[in-house]
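Peer 1: Before I ask anything, let me first share the structure, which is written out below as structure tokens.
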Amino acid sequence: MAHKKIITALKKKDFKPVYFLHGAESYPIDQITNYIEQHVLTDAEKAFNQTVVYGKDADVYAIIDQARRYPMMAERQVIILKEAQDMKTLKSLQSYIEKPTESTLLVIAHKHKKLNMNSKFGKALKANALVFESKKLYDNQVPDWIAGYLKSHKLTIEPNACQLVAEYLGADLSKIANELDKLAINLSPGTLVTPALIEQYIGISKDYNVFELQKVLARRDVLRANRIVNYFAANPKKGPMPVVIASLYNFFHKVFLLHFYRNHSEGEILSALGLRSPFFLKEYRLAARHYNIPQTEKIMMLLKEYDLKSKGVGYIATGKPEGALLKELVWKVLH
């Protein structure tokens, strides 16, 4: 969590004149920006020395003019440019970036995408600013991030509970953090987070979720699979079709790969499948015993087909509700 190093430096009052925060993942950018906005200046200093502007409405020359002023009754002033990716004249800040004012702390939060750092503006930033790139996590990195976040709140989590959260919330770290905060608020330090606690405080059912659906499909448990699918059909928000299909495709793609790595070492298999530990490998091995290579290929094709059907794309659009499509899909996977 590289953004924490920046926050640690800020706590020590090790300030830089310009902070350029950019990248696809917004959560770390928000964390740094919020800390600066809330803690660098005292409440009394903020009234005259803190300015927050938004890229869509910002005037680049007004920002430069403000940045070159000296603080009023304070050691420094803070200027925060949020949503900088929406500012069409952002590169016009280059003249200021090349010669920033030491008593000004300028924060540029450029979210959702990476800036080209080989441009003239990018090179000026690399030479004169603290540049932080916030990258999206890969799906297989999310469980470790969840465990690390809870560890910082003095909580631990069972691997299956961790996977459950990752499967349902995806890779949106802001969304995940908001949900995990519910655990941190309600649980005592040292608590082991289980699927039951996830269900109680976050609302993800420990029995009716896409992770459980993967497990019952792996062992071809028709009765349990039908119960879960019926639950999803009755509660669409608990099992939205795009989430279910994406998760199942990821699962069966790994099953497909496993067929070709069957005679490799466990370490090589974990690396090829992008798995964190042998704990998760057993489900894939079980599925590989129940679905051979042609069957696994057919399931992956079915998942692609039903993804398009659910989105109403092209000639295969059916107009059926998601619940009906999901029941149909799972029946074909099992049979």
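The values are calculated or read from the model by the stated rules, or taken from the named source; none is laboratory data. Remember, it's a predicted structure, so these values are computed and weren't measured experimentally. Here the Cβ positions follow ideal geometry from the backbone for every residue, glycine too, while neighbour counts run over all protein chains shown.
Peer 1: Looking at this structure, is residue 105 crowded, with 20+ Cβ neighbours inside 10 Å and outside any strand (DSSP E or B)?
Peer 2: No, not satisfied.
Peer 1: Pairs, please: C-beta under 7 Å, at least 6 apart or cross-chain, first residue of a type in the set (Phe, Trp, Tyr) and in the stretch 226-245, second not in a helix (DSSP H, G or I)?
Peer 2: 231/208; 232/239
Peer 1: Do the conditions hold for residue 58, that is, is it at pLDDT below 95 and in the same structural domain as residue 10 (by TED's automatic domain parsing)?
Peer 2: yes
This table checks each residue for (1) outside the structural domain of residue 29 (by TED's automatic domain parsing); (2) closer than 30 Å to residue 229 by Cβ; (3) at pLDDT 95 or above.
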position: 150; (1), (2), (3): yes, no, yes
position: 155; (1), (2), (3): yes, no, yes
position: 159; (1), (2), (3): yes, yes, no
position: 164; (1), (2), (3): yes, yes, no
position: 169; (1), (2), (3): yes, yes, no
position: 180; (1), (2), (3): yes, yes, yes
position: 190; (1), (2), (3): yes, no, yes
position: 193; (1), (2), (3): yes, yes, yes
position: 196; (1), (2), (3): yes, yes, no
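Peer 1: State which residue is surrounded by the most Cβ atoms within 10 Å (Cβ to Cβ) when the search covers only the stretch 140-198 and only residues that are among the polar types (S, T, N, Q) and not in a helix (DSSP H, G or I).
Peer 2: 191
Peer 1: Out of the stretch 246-262, which residues are in contact (Cβ under 8 Å) with a residue 24 or more places away in the chain and over 25 Å from residue 326 (Cα atoms)?
Peer 2: 258, 259, 262
Peer 1: If you don't mind, another one. For the stretch 199-217, how many residues meet the condition of being assigned to a loop (DSSP other than H, G, I, E, B) and hydrophobic (A, V, I, L, M, F, W, C)?
Peer 2: 2
Peer 1: Would you confirm, using the coordinates I've provided, whether residue 74 is of a type in the set (Gly, Ala, Ser), surrounded by 15 or more Cβ atoms within 10 Å (Cβ to Cβ), touching a residue at least 12 places away in the same chain (Cβ under 8 Å) and not in a helix (DSSP H, G or I)?
Peer 2: The answer is yes for residue 74.
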